[in-house]
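Please treat every number below as a calculation from the coordinates, not as lab data. Remember, it's a predicted structure, so these values are computed and weren't measured experimentally. Cβ: placed from backbone, ideal geometry, glycine included. Neighbour counts: every protein chain shown.
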Amino acid sequence: MKKIAVLTSGGDAPGMNAAIRAVVRKARYHGVEVVGVYHGYEGLYNENYKPLDIGSVGDIIQRGGTILYSARFPEFKEGDYQEQAIERMKKAGIEGLVVIGGDGSYRGAMQLTEKGFPCVGIPGTIDNDVPGTEYTIGFDTALNTVVDSIDKIRDTATSHENTFVIEVMGRDAGDIALWAGLAGGAESILIPEEKFEIEDIVTRLERGASRGKRHSIIIVAEGVMKGHKLAKQLEERTGVKIRTSVLGHIQRGGSPSARDRVLAGLFGARAVELLIEGKGGRAVGIKNHNVVDYDFKVAFEQKHQADLSLYTLSKELSI
Ligand code: ADP
């Protein structure tokens, strides 16, 4: 393999740049040229390529976002677009592709591989919901951003004796809510993976109040319901004013944590090794502290599951 390409696709995540850097540096270490594809699959289809040398990925390891930009390009689900993209890559001498993104991006990579063009997937999303890995690049940074925000909101909640609902991201996954809720000492955590009873939250609030507790933090994952809606329901039942904070896109940004940078380095290096070894169609991940790789189909069979023992623990610690 003489030349490979790399792109970022789907929702951006802190640490994607560190992964791009790792891909470029590892490939160059083995004498392989790298082409950066701008704007995800849209750029792949439109030949929006630019060579990436060792220097071009300098000073990006610490930066959030992605220097290659990301895009959604639904047209890429169609076979014609995929075939065109393959033809254009081949014409440019590109022999393999690293895709950094979530499960939607993986499906594009799997289909290109099935059409004869070897691709490897690196899990990059703050939601931690990619199959075939316990952790994705970006999750740890987003988690720390959320915990930092909870701490700050707690300061004002304590001072004014308020109850806050904090809505966090995660799409259909509860990992951000669960981990941040546990780390931030939330009184209640609502995640899509577990049913909840509004009365249970009310009971917890009332139990806390009877102990003299004058403030509370409730974390709700966006996949459960809107924070404002939950606050309204709680207000109706308790008669107490509930404030809402929707953390929003700050969760996607910021300098990647050390852990995300290390993960990006490990994943980027393994992805390049796989392509050099002629093993396309693989999804890279981490399991039990080891870097692993699975055939895309096998990865898709291992749907990501939130660690529900943390949910049980959070209930025990916030009685
Ligand atoms: P993520 O990768 O974060 O899950 P999306 O689901 O939005 O984000 O997917 C990102 C992009 O991947 C889409 O805009 C599209 O270009 C491509 N993609 C998604 N699903 C498929 C699919 N089934 N087949 C081919 N390409 C896909």
Lys pairs under 23 Å by Cα in the range 141-252, provided they are eight or more residues apart or on distinct chains = 13
Most fluctuating residue given options Gly281, Gly15, Gly116, as computed from a GNM of the chain linking Cα atoms under 10 Å | Gly116
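With contacts defined as alpha carbon pairs under 8 Å and 6 or more residues apart, what's the relative contact order of the chain in percent?
Worked out over the chain, it gives 23 percent.
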Label model pair Glu75, Arg214: point-to-point distance (7 angstrom along the Cα→beta-carbon line) in nm is 6.0 nm
Determine the principal axes of the Cα atoms in the chain, then give the extent along each, sorted from largest to smallest and rounded to whole angstroms.
-> 71, 36, 34
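Would you mind computing Rg(Cα) / (2.2 N^0.38 Å) for the range 20-150, counting N as its residues?
For the range 20-150, the normalised Cα radius of gyration is 1.10.
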For the chain, longest principal axis from Cα atoms; helix 103-114 axis from its Cα atoms; angle between them, nearest 10 degrees, is 20 degrees
As a check on your grasp of the helix formula, calculate [θ] at 222 nm for the chain: sum -39500 (n - 2.57) over DSSP H runs of n ≥ 4, divide by the residue count, round to the nearest 500.
-> -13500 deg cm²/dmol
As straight-line cross-link partners of Lys50, the qualifying aspartates and glutamates (C-alpha separation under 14 Å, not fewer than 8 residues apart within one chain) are Glu33
The range 141-252 - Rg and Dmax from Cα coordinates, angstrom = 12.8, 38
Checking rank on 248-258, 29-39, with mean other Cβ inside 10 Å and highest first, the result is 29-39, 248-258
Could you state the angle between the C-alpha long axis of helix 308-317 and the longest principal axis of the C-alpha atoms of the chain, as a value from 0 to 90 degrees rounded to the nearest 10?
-> 30 degrees
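Can you classify the range 260-299 as rounded, prolate or oblate using the Cα gyration tensor, where a ≥ b ≥ c are the square roots of its eigenvalues, rounded means a/c under 1.5, and otherwise it's prolate if a/b beats b/c and oblate if not?
Taking the square roots of the gyration eigenvalues as a ≥ b ≥ c, the range 260-299 is oblate.
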Relative to the longest principal axis of the C-alpha atoms of the chain, give the angle of the C-alpha long axis of helix 258-276, reported between 0 and 90° and rounded to the nearest 10°.
-> 30 degrees
Please report, in debye to the nearest 20, how large the charge dipole of the range 141-252 is about its Cα centre when each Lys and Arg carries +1 at its beta carbon and each Asp and Glu carries -1 there.
-> 340 debye
May I have the extent of the alpha carbons of the range 184-316 along their three principal axes, as whole Å values ordered from largest to smallest?
-> 64, 31, 25
